[in-house]
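Below you'll find the structure, written out as structure tokens, and then a few comments.
The values are calculated or read from the model by the stated rules, or taken from the named source; none is laboratory data. Remember, predicted model here, so these are calculated numbers, not experimental data. Every residue, glycine among them, receives a Cβ derived from its backbone with ideal geometry; neighbour counts consider all protein chains shown.
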Amino acid sequence: MCASVVGVIRVSGLSKRYGDVLAVHDLTFTVPPGRVTGFLGPNGAGKSTTLRMILGLNRPSSGTATINGRPFAHLRAGLRHVGALLDANDVHGGRSAAAHLSALARGNGLPRRRVHEVLAEVRLAGVAGRRLGGFSLGMRQRLGIATALLGDPPVLLFDEPVNGLDPEGVRWVRDLFRRLAAEGRAVLVSSHLMSEVEHTADRLVVIGRGELIAEESVAEFAARGSRAGVSVRTPAAAELAALLTRAGAAVTAEGVDALTVTGLSAPRVGELAHTHGIVLHGLATRTASLEQAFMELTADRADHRAGERR
């Protein structure tokens, strides 16, 4: 498959209010082509509300969400422009996989061959005639991905796409998303599984209580966690600690001969030690996990009230 045009999602000043609840507040971010963007936030952050506004399913209270410069509602044959998986269970149990996709293909002016192509792509060709009521959750997830791919669109959105998949299926989805992005598509993936986002996404959009917390690369976000830094071992720990502190670093002693340094890179620490004749027995960059950084940076943005906004 090959997208006919490069896709981009732009969200600008987007807000959504339900009565007294401000589910999304002045949210602005971009999902560029050629990248997998992870969409993260604690429960109640407003992720699903935002996805629904991008797709025209919910009307914003203010602000805009566009796909290639136009609101989704203004796009004819929508599946040619954007494909989405929001709820794998939102299908008619009495229809077969082939019938479900065929109806969508007809409604969007797509050739019948696309049904067979996407069923093969998601490895459901052998059960094309089976009724969806007998599908497992993992099979429904694959069908939902097939639906998203049906129009060969340049923009793709997926909400919790690996739920119900076995390890082989999870790896398949990971590789699929990377390939779709490599073809020039804009791919937005919302998930609560940090390990999958860490292995799949190039960049992140992180929100909390409907507001933007971060929009940056996975590495940049993880580096903001408190466990990120530089580990140093030296017999002159006190001398080096004083030197690094004067250079603007934050230094924590980890035993007699070990230090954890934040605010300076490992190469800079090594250069300063060498210049001042301090012997190092060990020097390494220590990165925080995405999960640790996420837990720290969203700790005050979680919303645990009943009727959570996702």
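On the basis of being assigned to a strand (DSSP E or B) and under 19 Å from residue 217 (Cβ atoms), does residue 24 make the cut?
In short, no.
If I ask for residues that are at pLDDT below 95 and either small (Gly, Ala, Ser) or in a loop (DSSP other than H, G, I, E, B) (or both), which ones from segment 259-281 would you list?
263, 264, 265, 266
Applying the selection to segment 202-245, what residues are in a helix (DSSP H, G or I) and either of a type in the set (A, V, I, L, M) or at pLDDT 95 or above (or both)?
Selection gives 218, 219, 222, 237, 238, 239, 240, 241, 242, 243, 244, 245.
Of all the residues that make up segment 151-161, how many are buried (at least 21 other Cβ atoms within 10 Å of the Cβ) and in contact with a helix residue (DSSP H, G or I) (Cβ under 8 Å, 6 or more places away or on another chain)?
7
Does any residue of segment 64-77 turn out to be without any contact (Cβ under 8 Å) to a residue 12 or more places away in the chain and either hydrophobic (A, V, I, L, M, F, W, C) or farther than 30 Å from residue 22 by Cβ (or both)?
Filtering segment 64-77 down to residues without any contact (Cβ under 8 Å) to a residue 12 or more places away in the chain leaves 70, 74-76.
From what's left, either hydrophobic (A, V, I, L, M, F, W, C) or farther than 30 Å from residue 22 by Cβ (or both): 75-76.
The answer is yes; a qualifying residue exists.
Select, from 37, 30, 64, 49, the only residue that is in contact with a strand residue (DSSP E or B) (Cβ under 6 Å, 6 or more places away or on another chain) and assigned to a helix (DSSP H, G or I).
Of the residues listed, the single one that is in contact with a strand residue (DSSP E or B) (Cβ under 6 Å, 6 or more places away or on another chain) and assigned to a helix (DSSP H, G or I) is 49.
Please name all residue pairs, on different chains or six or more residues apart, with Cβ atoms under 7 Å, provided the first residue is in segment 138-160 and is over 18 Å from residue 33 (Cα atoms) and the second residue is among the hydroxyl-bearing types (Ser, Thr, Tyr) and assigned to a loop (DSSP other than H, G, I, E, B).
Here the result reads 160/191, each pair linking segment 138-160 to a residue that is among the hydroxyl-bearing types (Ser, Thr, Tyr) and assigned to a loop (DSSP other than H, G, I, E, B).
Can you give me the number of residues within segment 79-122 that are surrounded by 14 or more Cβ atoms within 10 Å (Cβ to Cβ), free of Cβ contacts under 8 Å to residues at least 60 places away in the same chain and part of a loop (DSSP other than H, G, I, E, B)?
The qualifying residues number 5.
Here is a yes/no grid of residues against (1) hydrophobic (A, V, I, L, M, F, W, C); (2) buried (at least 22 other Cβ atoms within 10 Å of the Cβ); (3) in contact with a Cys (Cβ under 7 Å, 6 or more places away or on another chain); (4) touching a residue at least 12 places away in the same chain (Cβ under 8 Å):
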site	(1), (2), (3), (4)
183	no, no, yes, yes
186	yes, yes, no, yes
202	no, no, no, yes
210	no, yes, no, yes
231	no, no, no, yes
244	yes, yes, no, yes
252	no, no, no, no
